[in-house]
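Here's the structure we're looking at; comments come further down.
The values are calculated or read from the model by the stated rules, or taken from the named source; none is laboratory data. It should be emphasised that the depicted structure is a prediction, and the values quoted were computed from it without experimental measurement. A quick note on method: Cβ atoms are made from the backbone with ideal geometry, for glycine too, and the neighbour counts reach across all protein chains shown. Only protein heavy atoms, including side chains, enter the accessible area calculation; ligands, DNA and RNA are left aside. Shrake-Rupley method; radii C 1.70, N 1.55, O 1.52, S 1.80 Å.
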Amino acid sequence: MSTLQDLRQAIRAFGNSPGFTITALLSLAIGIGANTAIFSVANALLLEPLPYADADRLVILWNRSPGLNITQDWFSTAQYFDIKTRHSGFERAAIAIGGNYNLTGGGEPERVAAIRISSSLLPMLGALPSFGRLLSPEEDSPGRAPSALLMYGMWARRFGSDPQIVGRSITLSGQDYQVVGVLPQSFSLPLEVLPTLGSAEPPEILLPLPLAAAAAGNRDHEDYNILGKLKRGVSIRQAQAEMDALTARLRQEHPDLYPPNGGLTFGIVPLFEQVVGDVRKTLLILLGAVGFVLLIACANIANLLLSRAVGRQREIAVRTALGASRARIIQQLLTESTLLAISGGALGVLLSMWSIRWIRGLGSISVPRLADIGIDGRVLLFTLGISVLSGILFGLAPALRVSRLDVHTTLKDASRGSAGSAVWGRGSNVRRMLVVSELALSLVLLIGAGLLIRSIGYLRDVQPGFNARNVLTLGIAMNGRKYGDAAVALRTYRELWERLEHLPGASAAGGIQALPLGQLWAWGPITVEGRVPRAGENFINADERVVGGRYFQAMEIPLLRGRLFNEQDVATNPRVVIIDEYMARELWPNQDPLGKRIRFGGLTSNAPWGTVVGVVGRVKQYNLDSDSRIALYMPQTQVPVRTMTVVIRSGTEPGNLSASVKKQIHELDPDLPVYGVRIMQQFVDDSLARRRFATTLLGIFAAVALILAAIGIYGVMSYMVSQGTREIGIRVALGATQRGILSLVVRQGMSLAGAGVAIGLVAAFGLTRLLGSLLFGVKPTDPLTFVGISLLLMLIALVATCVPARRAARVDPMISLRCE
């Protein structure tokens, strides 16, 4: 009964103070809403299990050779059989290889991502067909008619959700496949779970992967993914220990393939960890940041409540005199603060719904499982919890202070019209501590945001080795029976380069097998003629890139020595290669690399030698913040590849060329799909996406914290000036000048700012080290950022203090004393 009475009284009190109520609700909505939004992301990524059966036992395997700087590579089919037959810790193992296929017939030709899988994969994940069937174990062996399993999105988009699709044929890269089933809409295989070779899109079609008996001995092509499910009771540590023993035996059995300098090992990674990746640390940092924002908001509201409590001293004293206990007074005040916090939390949920939509757009490239982010029961429970906790947090100090009032003194002071505490008296100590805390927390956030912003700036200044401006890119694949003869594909590509270069506005056109920053790359072992290998070294690992047309001119990759590829570099002539300056420096220091010879494979390789005819600039192949391996380029005319990323340099906006480019390609072959049309600058921007995600959010939180802190110091100084009007009037009457009063108030405000900055600097010095992995080109303790942000905060505190200081300096002593 008393609680209902407290609630009714709280509602009336808030209704009588609309200004205070609106200010407090907005502050809480911002603080709680930000926490709810970021927690919803963390909930989906870190707390929700993967949507697969026994997800905690699912793992993905990676082929690693630390000595060759390979930390995440694929497997050969022989390695799959090694794991499947010689490792006892797996209940099941599955192999897969992804790629792109040309889907033709029944509409416009299009390029689709598909994965060839062993039949064990889908049952291991707990998948069931929406209708039809899954792939059968018999389809793991050659000799069966090709079949296909459609993802729900492909079935709905391309085939109009036709329920009669099972049994029909579809044509992929010139070969017919019979559709045997459709997977449900709830099932997905995102790239974070099963990265696909040669594809930057989630798979839309699943195909069988028939392996002949010879596959058990094939160790040459390491192009396959391997997933496994651990047996019950087998830990990751136990499975990894057995795997380490297995790879040690493989190194002994195949010393020519797995040299000692490579340090071959097969790493076992929980599938959940593979999906989350390095987003976990970013989210934890952001959760800490929004927690700081909420604490600052709570400090502000506590200050408001303390100020408001002064006006309620007589009310509380009267209630106490009439018999209300201290516990009853505290209950009433905490009920008010909790009701205020829960109302702010409700508004915060609405704000977070909008924020989540915005975060989805901001993190579309950098954050996995975006579709799972939303408001669920766990998120609502979290919001309720932090709302109640916030209400107690900011309501406790005012409640305890007011409950300790001396009834007789308060009623006597009220009858005399006392103005309350003096401006520099003890009554303001709590408010000062709250403001100092706000400023310290704000400084930590501002320094963190400043470090990330400087990192983004340094990354934008990184030269990728090519000119991304005015370059249009698109994918093309000449697969199928029509291009079974490599000579036909080469002739078509040659004609395509000529057509594209004659387009109005185009200056150069070419193609590459693995576009820089495109998340597709290839590497392999090479042997250098005449080079004495180090102990245990059978080969050197290098990035391999096949180029066609005038690729180097289109990307404006500089030629440093020698020549580029020309029309004489054909299959009937000796092999030639172009290397990057890094390879030239590493393999032939202080020598002329032109005329040197290399070949693919280890020391026992019989591959033909390739002569170095040119040296070009080094290119950032993976990310702007990491260096690539030594790299070499081969001409498409000698190493025919049918799938290329086309690049066209334009003198104008490159997007204007897309329609003309597609027209030229379809005139060459109407069944040739064009896919992945993008501007090269987008790849550069995408390489910054994860850092930009963290930087943008932390920057917003820091800005909100700064505004709240500025409001906090302004509010405290205004209150202290208002309550100290009589004291200021006496000082003026005794001869204090306006400048002296102004200086006095400013000194008090800046002393608070100085204390907050000092404490914040100490905290930031320790906490910013957590940002180390997100920084580039700047240290976590960068002095320029620390000093600059500190000065900025002091300047803002000065501005926030000057307004009440000017008001104090204009106090009329006659009016203030007469009022007293």
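Taken over region 541-558, the criterion of being closer than 14 Å to R599 by Cα and open to solvent by 30 Å² or more (accessible area, probe 1.4 Å) is satisfied by E544 alone.
A quick yes/no check of all residues on (1) closer than 24 Å to G602 by Cα; (2) of a type outside the set (D, E):
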residue	(1), (2)
P210	no, yes
A215	yes, yes
N218	yes, yes
E222	yes, no
G228	no, yes
T265	yes, yes
V279	no, yes
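Residues of region 494-513 being open to solvent by 10 Å² or more (accessible area, probe 1.4 Å) and either in contact (Cβ under 8 Å) with a residue 60 or more places away in the chain or touching a Ser or Thr at 6+ places or on another chain (Cβ under 9 Å) (or both), which ones?
Answer for region 494-513, where residues must be open to solvent by 10 Å² or more (accessible area, probe 1.4 Å) and either in contact (Cβ under 8 Å) with a residue 60 or more places away in the chain or touching a Ser or Thr at 6+ places or on another chain (Cβ under 9 Å) (or both): R494, E495, R499, E501, L503, P504, G505, A506, S507, Q513.
Applying the criterion of being part of a strand (DSSP E or B) and open to solvent by 50 Å² or more (accessible area, probe 1.4 Å) to the residues of region 677-689, the residue that is farthest from S455 (Cα to Cα) is V677.
Identify, from the list R92, R57, the residue that is more than 30 Å from N479 (Cα to Cα) and under 29 Å from the mean Cα position of the chain (by Cα). On inspection, the qualifying residue turns out to be R57.
Residues in region 590-607 that are part of a loop (DSSP other than H, G, I, E, B) and either among the basic types (K, R) or modelled with pLDDT under 90 (or both): N590, K596, G601, G602, L603, T604, S605, N606, A607. Does region 220-232 include one or more residues that are farther than 16 Å from I60 by Cβ, modelled with pLDDT of 90 or more and of a type outside the set (F, W, Y)? The answer is yes; a qualifying residue exists.
Look at G601 and say whether it is under 16 Å from D543 (Cβ atoms) and surrounded by fewer than 19 Cβ atoms within 10 Å (Cβ to Cβ). So G601 passes the test. For region 762-790, the set of residues classified as open to solvent by less than 60 Å² (accessible area, probe 1.4 Å), farther than 20 Å from I711 by Cα and either modelled with pLDDT of 90 or more or of a type in the set (V, I, T) (or both) consists of A763, A764, T768, V778, P780, T781, D782, T785, F786, G788, listed by residue number.
Might you let me know whether region 188-207 holds any residue that is within 24 Å of E91 (Cα to Cα), open to solvent by 30 Å² or more (accessible area, probe 1.4 Å), touching a Gly at 6+ places or on another chain (Cβ under 9 Å) and modelled with pLDDT of 90 or more? No, there is no match, as no residue in region 188-207 is within 24 Å of E91 (Cα to Cα), open to solvent by 30 Å² or more (accessible area, probe 1.4 Å), touching a Gly at 6+ places or on another chain (Cβ under 9 Å) and modelled with pLDDT of 90 or more.
Just checking, does region 48-60 include any residue being in contact with a Lys or Arg (Cβ under 7 Å, 6 or more places away or on another chain), surrounded by fewer than 19 Cβ atoms within 10 Å (Cβ to Cβ) and modelled with pLDDT of 85 or more? Yes, because at least one residue in region 48-60 is in contact with a Lys or Arg (Cβ under 7 Å, 6 or more places away or on another chain), surrounded by fewer than 19 Cβ atoms within 10 Å (Cβ to Cβ) and modelled with pLDDT of 85 or more. If we keep just the residues of region 465-479 that are out of contact with any strand residue (DSSP E or B) (no Cβ under 6 Å at 6 or more places or on another chain) and surrounded by 15 or more Cβ atoms within 10 Å (Cβ to Cβ), which is nearest to L672 (Cα to Cα)? Per the stated criteria, the residue is M478.
Of all the numbered requirements in (1) among the hydrophobic types (A, V, I, L, M, F, W, C); (2) touching a helix residue (DSSP H, G or I) at 6+ places or on another chain (Cβ under 9 Å); (3) more than 23 Å from A522 (Cβ to Cβ); (4) at pLDDT 90 or above, L211 misses one, and that requirement is (3).
Within region 268-287, being of a type outside the set (S, T, Y) and crowded, with 18+ Cβ neighbours inside 10 Å holds for I268, L271, F272, Q274, V275, V276, V279, L283, I285, L286.
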